[in-house]
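Everything below concerns the one structure shown next.
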Amino acid sequence: MRKILLARGGALSPYSGLGSTHSALLDRLQLGIVEGYELGDVHEYDLSKNPFKRIWRRWKSGPSKVNLLAKTHDLTHVTDQEQGGLIPKSGKSVITVHDLFHLFPSTRKGVEIGDNNPSFIRKKDLKKIKKGLSRADLLICVSKDTQEECEMRFPGIKTAWIPHAINLQDYTVETERPSWFKDGINLIVIGSEEPRKRLEFAIEVCSGMNVTLHKIGAESSQESKKKLCKLATDLNCNLNWVGRLEQEEMVAALQHADALLFPSIAEGFGLPPLEAYAAGTVALVADAPAHNEIPLEHHILPHDEIEMWRTAINELRDETSEVRERAANFSVEKWTQRLQEAYDSIF
């Protein structure tokens, strides 16, 4: 058995994107389902509001601790690209790359992706992250789009495509219809209010339609919530601001919704469409990377054609078996096989 050191910086909440994927990897290694590999130590630390403490841990004490621990492990796995500075100076190492938005910011379809004007501290931090990525033996990419960009940005570094996986059975449990669902068509949109998520577009699509759009996810700020609710009122969109849900409540919403709308213009992976499929629900998705790698072809729509989105909503039908069959391609069993092959490739 080869021993794995899992490493990240601050212990992000398992409800966050990066936090949930770290937790999933940790749980699966603890269960011993990746043949030939076992979990050794885990490097992480509590989140701090003190900026000096954060920098010290990120640039000094964290890398030093990982370098020391790496000597007693066969492989160091850093679980997200933002912690690239933790890649040890010796020994085998891999890093999971979810996206490169914040390392290489750009503008896509008129929407700013990432921070194009980083501070002095952030510029120094980015330099350390990129240097770490260039030292890794393997970059595990959660989408094919990210894999292609990694191969361009870090030539010569081995890459592997391992999309996120979900426990399909978690989305087939029996649930009750949410009490806050309305009569008629209930649509859901999941995520933050970052510009790339394009919640405004979902509101425009639903304006004047006899549907209810439920917004799920903790808001970025009260200001953004107020702005979007006003837009919905002005455009005659029946918007129901739900906020964050526990897992069981989320599954119920996914199962009983008529469809998920996912108009985002840029994602590292895009988990909500996969979750909707696992729950047996249609996901209408903007034709943009990397979430357009998940759905059935007829569920992928032009990012800016409002009438095509409205038509798709009006023509919704039961596709439970088709979408669940597609979701099966992202099962934990297939993820486990892909990860084992990726680990094996660097030995």
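Coordinate-derived values only; no laboratory data. This structure is a prediction, so every number in the text was calculated from the model and none was measured. Cβ sites come from the backbone with ideal geometry, for glycine too, and all protein chains shown count toward neighbours.
What the table shows:
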quantity	calculated
Sparse-neighbour loop sites [GluC sites (Glu not before Pro); the stretch 1-108; at most 14 other C-beta within 10 Å; DSSP]	Glu35
Selected from Glu204, Glu246, Glu293 as most flexible by GNM, with the chain as the system and alpha-carbon contacts under 10 Å	Glu246
Globularity ratio of the stretch 147-220, using Cα Rg and 2.2 N^0.38 Å	1.65
Listed residues Phe120, His98, Ala136: farthest to the positive end of the dipole of the stretch 63-147 (Cβ charges)	Phe120
Order of Cys206, Cys150 - criterion: other Cβ atoms within 10 Å of each residue's Cβ, fewest first	Cys150, Cys206
In nm, spacing of pseudo-spin labels at Ser13 and Gln337 (7 Å Cα→C-beta vector)	3.6
Gaussian network model of the chain, springs between alpha carbon atoms under 10 Å - residue of Asp80, Asp287, Asp304 with greatest fluctuation	Asp304
Estimated vicinal HN-Hα couplings, Hz - the stretch 227-235 in sequence order (Karplus 6.51, -1.76, 1.60; Gly, Pro = x)	5, 6, 5, 5, 4, 4, 5, 4, 9
Dipole moment magnitude, nearest 20 debye, the chain about Cα centre, only Lys, Arg, Asp, Glu C-beta charged	2320
Loop sites in the stretch 207-244: trypsin sites (Lys or Arg not before Pro), DSSP, at most 11 other Cβ within 10 Å	Arg244
Distant-in-sequence amide H partners of Thr76 (H built 1.01 Å from N, under 5 Å)	Leu5, Lys92, Ser93, Val94
Fluctuation leader among Leu274, Leu213, Leu168 - the chain, Gaussian network, Cα springs under 10 angstrom	Leu168
Long-range HN-HN contacts of Ile113 with modeled amide H, under 5 Å	Ser106, Thr107, Arg108
Placed amide H near Ser220: partners under 5 Å, 5+ positions off or other chain	Glu193
Principal-axis tilt of helix 247-256 within the chain, Cα atoms, nearest 10 degrees	40
Distance between the stretch 68-123 and the stretch 300-347 - C-alpha centres, whole angstrom	26
Sorted by Cβ density within 10 Å, fewest first, the residues Met250, Met308	Met308, Met250
Inter-centroid distance (Cα atoms) of the stretch 1-64 relative to the stretch 206-284, Å	30
Helix axis angle, 144-153 relative to the chain longest principal axis, alpha carbon, degrees	40
Ellipsoid equivalent to the chain - semi-axes via the Cα gyration tensor, in Å	36, 23, 18
Integer Hz, Karplus 6.51/-1.76/1.60 couplings in order for the stretch 160-168, x for Gly and Pro	9, 9, 9, x, 4, 10, 9, 6, 4
GluC sites (Glu not before Pro) lying in DSSP loop within the stretch 90-193, provided at most 16 other Cβ fall within 10 Å	Glu174, Glu176
Tilt relative to the chain, helix 120-135 - C-alpha long axis, 0 to 90 degrees, to 10	70
Local electrostatic count at Glu305 - Lys and Arg +1, Asp and Glu -1, tallied over other residues with Cβ under 14 Å	-1
His303, His73 arranged by Cβ crowding within 10 Å, fewest neighbours leading	His303, His73
Surface/4 of the Cα convex hull for the stretch 221-347, nm²	10.1
